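Report on the structure given below.
The values are calculated or read from the model by the stated rules, or taken from the named source; none is laboratory data. As the structure is a computational prediction, the values presented were derived from the model and not from experiment. Every residue, glycine among them, receives a Cβ derived from its backbone with ideal geometry; neighbour counts consider all protein chains shown. Calculation scope for accessible area: heavy atoms of the full protein, side chains included, ligands and nucleic acids excluded. Shrake-Rupley method; radii C 1.70, N 1.55, O 1.52, S 1.80 Å.
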Amino acid sequence: MVTNTISVSETPQVLYALRRADDALILGHRLSECCGHAPTLEEDMALANIGLDLIGQARALYALAALREPSLEGGRANTEDTYAYLRDVGQYRNLLLCELPNGDFGRIIMRQFLYSAFIDPYWRAMMKSSDAQLAAIAEKAEKETAYHLRYTSEWVIRLGDGTPKSHDRMQAALEFLWSYTGEMFDTDEAEAMLQAEGMIIDASVIHDGWRTTVQTILDRATLTLPQSAWMQKGGRSGRHSEHLGFLLAEMQQLPRSEPGAVW
Amino acid sequence: MNKTLKATPPVQLWEVFIRSRSGLAHKHVGSLHAEDAELALQAARNLFTRRGEGLSIWVVPSHLIIASDPSEKGMLFEPALSKAYRHPTFYNVPEEVGHM
Amino acid sequence: MYTQALNDLPTPHNLEDAEKMANFQTRIDSEDRIEANDWMPEAYRRTLVRQISQHAHSEIIGQLPEGAWITRAPSLRRKAALLAKVQDECGHGLYLYAAAETLNASREALMDQLMEGKAKYSSIFNYPTMTWADIGAIGWLVDGAAIMNQIPLCRCSYGPYARAMIRVCKEESFHQRQGFEIMMTLAKGSARQKAMAQDALNRWWWPSLMMFGPPDTDSQHSDQSTRWKIKRFSNDELRQKFVDATVPQAQFLGLTLPDPDLRQDEVTGNWMYGEIDWEEFKQVIAGNGPCNQDRLASRRKAHEEGAWVREAAAAYAARQVSRHAA
């Protein structure tokens, strides 16, 4: 049957893979919007490289989700493209942080820095997963995110400690993004089951190290860590900002306009 | 449609050298713009190693490279061309001696 | 092709040493390569700066029409390939600006000229990408035409340009194939997909032929550029090679080239094509194409919005230097 929307059987393993895949895809998509529009040609190259790394990670994780998802009626299985192109906004499981509009180069860099400072140690810890496929994905992703962290750290320092104008922009970007960082460390019952099996780690254990990394770089950048403790959440359970709908409308328009077509 | 902009200030130029495989020397691959060494190194990685071309990168500010003067090519390099006795093929060794 | 507007030859302002000129031509004739700090006629330098910078501008303006579809690519495989491809174009622009810089033309000054509307770039990028099939058509036709032109440039007499082109050609080898694969998938797809492919071909065919520049009868710069071995084939020769290579590919796809006069010459085997609308070409080069204004506005916007970033990096670097000195 040709379909224009899919249902997903979200077992804990599938849900887990989709969450990580959606983070990578949505953030990679945001970075891909910058191609041709960055402040210098050198940074145009850099942002596209990071975007390509993330889209690659998303594909590996969607493939894993497809493998672990119980087969659908009629033996049909989901694929990376049905997950990406035929799920509605409420079926997406990414962090709100990843779907926020780009804003200026400062905000793009700050968002990528805050995420990379989390996801790099996260993947490093996941290399010890009892699940061999997840461990392999983690090992490949970690090398990529380690570079993302280095690249963005250097830019946070330069823009924070550059001119008064750039300092203000970076501080504003940090304030804007801060309340979206808490969701990275959340965990729930579905993940607790996988943690108990040694398949995944508890993301909250990354928090203190993340905070130290962020503080170290912000100090060098002469930026101030926001005080607010209130954190936004909802992306992991499909409650998104208004922005994701627009992103998906653009991204999914073509495949949805021609159900079943091959592109 | 024409709009006069303030001239964009030039950014420092760097030369990039890449070791493509273990055991090989670094080879000049091109140049790029960056305000400092760290950014130059990152830009070199992002620009010149996207297809697995490198294992090691050097970046050097272009103005630090001292080049020989092309008009002195004769003086510098031609004297070496007439010294055939520096090359093994200059000497005759009978074939029965074998490889030497 | 990316330099199709280069029609007027700069004339030397000062009389240059006749002996140096003769030596220079002897080197060119013996297929020697000219390097950055070698003596060269001022007109050679200026011709190259103009050609290389137009080529560089074409690459970075060329990011825009295809870039418009990265966020709408219909599968993740296509999305990754297109992002990588458009990123390559940025890289190619960068290699080419660097080649121009060896001739004492700074990238910043060249890009300023582009944004002020004073520089030219390939007319092809002033046409809109309306549908996904346009991404296929661009890869297949526009990159195909570009490769046809760029391969001889790998043997250009100016070393830094030739080396940049070698790198560009190596990286571009996947571009045309990804475009053809998109066209093939559409041509084998639903009726709507096939119609989309045919429509894209109808719109991109003639502008692709225009990429090779004016006919040889109107091309004033060719003689000198040929003598200097900057150019090795004439516009019409390259255009013919392109048509001959492309016609069988279109037949393979089951698509129709939008030229009722197209026929194969029985003697030469060449595919003879109909009249090209050179008035359209002149208008697009003069800034009146459907997207000229959008392209420059987009480039300017990126530049202006990035100013604070460049200023911050410069300020930080300057402070690091003075801290070290202190």
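Using a 1.4 Å probe on protein heavy atoms, which residues of region C:26-51 have at least 30 Å² less accessible area in the complex than alone?
Buried on complex formation: C:37.
By how many nm would the segment from residue C:216 to residue C:104 grow when fully extended, if each residue of separation counts as 0.36 nm and the alpha-carbon distance is taken off?
37.3 nm
As a test of the definition: with a 1.4 Å probe, what buried accessible area, both sides summed, do you compute for B against C, in Å² to the nearest 100?
Using a 1.4 Å probe on protein heavy atoms, the buried area is about 2400 Å².
Pull out a ≥ b ≥ c, the square roots of the eigenvalues of the alpha-carbon gyration tensor of region C:137-184, then state rounded if a/c is under 1.5, prolate if not and a/b is larger than b/c, and oblate in the remaining case.
Cα axes put region C:137-184 in the prolate bin.
Taking only protein heavy atoms into account and a 1.4 Å probe, give the accessible area per residue of chain B in Å².
71 Å²
Strictly over 31 Å apart at the Cα level, which of B:6/C:231; C:231/C:282; A:140/C:79 would you flag in this model?
Exceeds cut-off: B:6/C:231.
What ranking, highest mean first, results for peptides B:74-86, C:252-264 when packing means the other Cβ atoms within 10 Å averaged over each residue?
With the highest mean Cβ count within 10 Å placed first, the list reads C:252-264, B:74-86.
Roughly speaking, what is the centre-to-centre gap between region A:26-84 and region A:199-237 when only Cα atoms are used, to the nearest Å?
The distance from the Cα centre of region A:26-84 to that of region A:199-237 comes to 24 Å.
Which FRET efficiency value, to the nearest 0.05, is calculated for residue C:323 and residue C:262 with the Förster distance at 51 angstrom and r the Cβ-Cβ distance?
It comes to 0.15.
Looking at the P(r) of region A:12-255, how many percent of alpha-carbon pairs lie beyond 22 Å?
Cα-Cα pairs in region A:12-255 separated by more than 22 Å: 52 percent.
Looking at region B:1-52, what % of the alpha carbon pairs are farther apart than 19 Å?
Beyond 19 Å sits 41 percent of the P(r) for region B:1-52.
Based on DSSP H runs of at least 4 residues, each adding -39500 (n - 2.57), what is the mean residue ellipticity at 222 nm of chain C after dividing by all its residues, to the nearest 500 deg cm²/dmol?
When only DSSP H runs of four or more count, the value is -20500 deg cm²/dmol.
Can you tell me the convex hull volume per residue for the protein assembly as shown, based on C-alpha atoms, in Å³ to the nearest whole number?
Considering the Cα atoms of the protein assembly as shown, their hull volume per residue is 237 Å³.
Which shape class applies to region C:1-160: rounded if a/c is under 1.5, otherwise prolate when a/b exceeds b/c and oblate if not, where a ≥ b ≥ c are the square roots of the Cα gyration tensor eigenvalues?
Prolate, since a/c reaches 1.5 and a/b exceeds b/c.
Per residue of A:45-56, how many C-beta atoms from partner chains lie within 10 Å of its own C-beta, taken as a mean?
Averaged over the peptide's residues, the number is 5.
Using a 1.4 Å probe on protein heavy atoms only, how many Å² of accessible area do C and A hide from each other, summed over both chains and rounded to 100?
4100 Å²
For the protein assembly as shown, give the percent of accessible area contributed by carbon and sulfur heavy atoms, probe 1.4 Å, rounded to a whole number.
With neighbouring chains kept in place, the figure for the protein assembly as shown is 55 percent.
What does the structure give for B:53-61 when I average, per residue, the other chain Cβ atoms found within 10 Å of the residue Cβ?
Counting Cβ atoms of other protein chains within 10 Å of each residue's Cβ and averaging gives 0.
Hey, can you find the accessible area per residue of chain C for me, probe 1.4 Å, expressed in square angstrom?
39 Å²
Shape of region C:242-298 from its Cα gyration tensor (a ≥ b ≥ c, root eigenvalues): rounded if a/c is under 1.5, otherwise prolate when a/b > b/c, or oblate?
Prolate, because a/c is 1.5 or more and a/b exceeds b/c.
So for each of B:15-26, C:33-44, A:15-26 I average, over its residues, the number of other beta carbons within 10 Å; can you give me the resulting order with the highest mean first?
The packing order, highest mean first, is A:15-26, C:33-44, B:15-26.
Partner chain Cβ atoms within 10 Å, averaged over the residues of C:301-308 - can you pull that number for me?
6
When you count, for each residue, the other Cβ atoms within 10 Å and take the mean per peptide, how do B:87-97, A:228-238 rank with the highest first?
In decreasing order of mean packing, B:87-97, A:228-238 become A:228-238, B:87-97.
Run through region C:227-326 and list the GluC sites (Glu not before Pro) located in a DSSP loop whose Cβ has at most 14 other Cβ atoms within 10 Å.
Sites meeting the loop and neighbour criteria: C:266, C:275.
Averaged across orientations, what area in nm² does the convex hull of the alpha carbons in region A:168-221 project?
4.4 nm²
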